[in-house]
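What follows is a set of notes on a single structure, which appears directly below.
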Amino acid sequence: MRLERREHRPIGLLVAAPIIAILAALGLSGILIALAGAPVLEAYQRILVSAFGSRLAATETLTRTTPLILTGLAVAVAFRARVWNIGAEGQFYVGALAAAALGSQHGLALPGYALVPALMLAGAVAGMVLLLLPLALRLRFGVDEVVTTLLLNFVVLLFVSMMIEGPMKDPLAFGWPQSVPVVGDALLPKLVERSRLHIGLVFAVIAAVIVFIVQSRTVFGMEARAAGLNPSAARFAGVPLSATLVKVACWSGGLAGLAGAIEVMGVKGYVTTDLSPGYGYAGIVVAMLANLHPLGVVAAALFAATMFVGSDGMSRALGVPSFIADVTVALSLLTMLVALFFTTYRIRR
């Protein structure tokens, strides 16, 4: 037997790949659930009920979906052009910190209708700058951005910790390490009363649609795809490779920074070191499950949020560790990589 590269990848196969990957991941996770002494089907039923079985559960799941859409888009945009952005977590935090700094009572003195977009823009710009630094090292010195973006995550988290313990510490937090809160005019309106679900979900879905249109209907989108498929051929065809990668980095870092700003303005109201339970890293899984498709990112983010929220209820009901959600999401990434391999190659005898 030998592997043969497919000349064309059938659309049906591309659509089926993430579904098969998720089912395989659920099957493998089911083995672990069974080993923990819990009925597998009931466990998955509990996950669905805990994620969507009540008004509170559904709104919490959608609230968790919002940052996952934006970080998933950030990774998908970058990976499509072979900019290996592993730093969405750090970009998320600098975006959140920028929004908190400028949105506090000592920040921008703007009315609410101008303050909200200004803070979102500030968060996006902060994320852009953080990704442009590793990209500059790659373009100038050939430094691998996988390493630099990953290590910057830890640098940023330490910087955030320093800021909320120092210059930005809230004097009314009774010593708790958190930043000063944003003013009331900077908070995003709720989509559902008496819940944490905010209008940021709408912004995230709109961002996915915009990214899809840009990638599929604009010259820049074509240049970014060409840079990802074959950089040498793209350069030979006249694509300004360096300029294209800079634009891609601005899109990617901006989306991750926007996710942090929206999380502060929509959910917390201030910055803490546990603001993100790993949204930046989960965004990698979300992007891969979506096969780097912007609209698929929305569905993949909903799946990841369902697992994260639903596993808590399943854990309490059946005594299964809630870490099964992390295992399932990680297995989804691995099975998706295998599925993508077989969408690119076929086995010949």
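The values are calculated or read from the model by the stated rules, or taken from the named source; none is laboratory data. Keep in mind that what you see is a predicted model, and the values were worked out from it rather than measured. Neighbour counts run over all protein chains shown; Cβ positions are idealised from the backbone, glycine included. The protein model used for the area step is the full one, side chains on, heavy atoms only, and it has no ligands, DNA or RNA in it. Shrake-Rupley method; radii C 1.70, N 1.55, O 1.52, S 1.80 Å.
Go through (1) assigned to a helix (DSSP H, G or I); (2) touching a residue at least 60 places away in the same chain (Cβ under 8 Å); (3) open to solvent by less than 60 Å² (accessible area, probe 1.4 Å) one by one and return the number of the condition LEU188 breaks.
Status for LEU188: all satisfied but (1).
Given the criterion modelled with pLDDT of 95 or more and within 21 Å of ALA301 (Cβ to Cβ), identify the matching residue among ALA208, ALA122.
Details: ALA122 fails: within 21 Å of ALA301 (Cβ to Cβ).
The match here is ALA208.
Okay, residues lined up against (1) part of a loop (DSSP other than H, G, I, E, B); (2) closer than 21 Å to ALA57 by Cα:
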site	(1), (2)
VAL271	yes, no
ALA282	no, yes
ALA287	no, no
GLY296	no, no
ALA299	no, yes
THR306	no, yes
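Residue by residue through region 76-107, note down the ones that are crowded, with 24+ Cβ neighbours inside 10 Å and part of a loop (DSSP other than H, G, I, E, B).
So the first thing to find is which residues in region 76-107 are crowded, with 24+ Cβ neighbours inside 10 Å, and the list is 76-78, 81, 83, 85, 87-100, 103.
Passing the criteria: ALA81, VAL83, ASN85, GLY87.
Name the single residue that is nearest to the chain's Cα centre (by Cα) among those in region 215-242 being touching a residue at least 24 places away in the same chain (Cβ under 8 Å) and open to solvent by less than 50 Å² (accessible area, probe 1.4 Å).
Let us first name the residues in region 215-242 that are touching a residue at least 24 places away in the same chain (Cβ under 8 Å), namely 215, 220, 224-225, 227-228, 231, 242.
If we keep only those that are open to solvent by less than 50 Å² (accessible area, probe 1.4 Å) too, we end up with 215, 220, 224, 227-228, 231.
On the way: GLN215: 18, PHE220: 22, ALA224: 20, ALA227: 22, GLY228: 20, PRO231: 26 Å.
Per the criteria, the residue is GLN215.
Please tell me if GLY319 is at positive phi and surrounded by fewer than 20 Cβ atoms within 10 Å (Cβ to Cβ). Spell out how you get there, then give the answer.
Values: at positive phi: yes; surrounded by fewer than 20 Cβ atoms within 10 Å (Cβ to Cβ): yes.
Yes; evaluated as a whole, the condition is true for this residue.
I need a count of the residues in region 29-43 that are more than 24 Å from the chain's Cα centre (by Cα) and in a helix (DSSP H, G or I). Spell out the reasoning first.
First pass over region 29-43, keeping only residues more than 24 Å from the chain's Cα centre (by Cα): 30-43.
In the following step, the residues that additionally are in a helix (DSSP H, G or I) were identified as 30-35, 40-43.
Here the count works out to 10.
Does ALA114 qualify as being open to solvent by less than 40 Å² (accessible area, probe 1.4 Å) and touching a helix residue (DSSP H, G or I) at 6+ places or on another chain (Cβ under 7 Å)? Full working, then the answer.
Working: open to solvent by less than 40 Å² (accessible area, probe 1.4 Å): yes; touching a helix residue (DSSP H, G or I) at 6+ places or on another chain (Cβ under 7 Å): no.
Criteria not met by ALA114.
VAL202: under 14 Å from LEU295 (Cα atoms) and touching a helix residue (DSSP H, G or I) at 6+ places or on another chain (Cβ under 8 Å), yes or no?
Numbers: under 14 Å from LEU295 (Cα atoms): yes; touching a helix residue (DSSP H, G or I) at 6+ places or on another chain (Cβ under 8 Å): no.
No: the conditions fail for VAL202.
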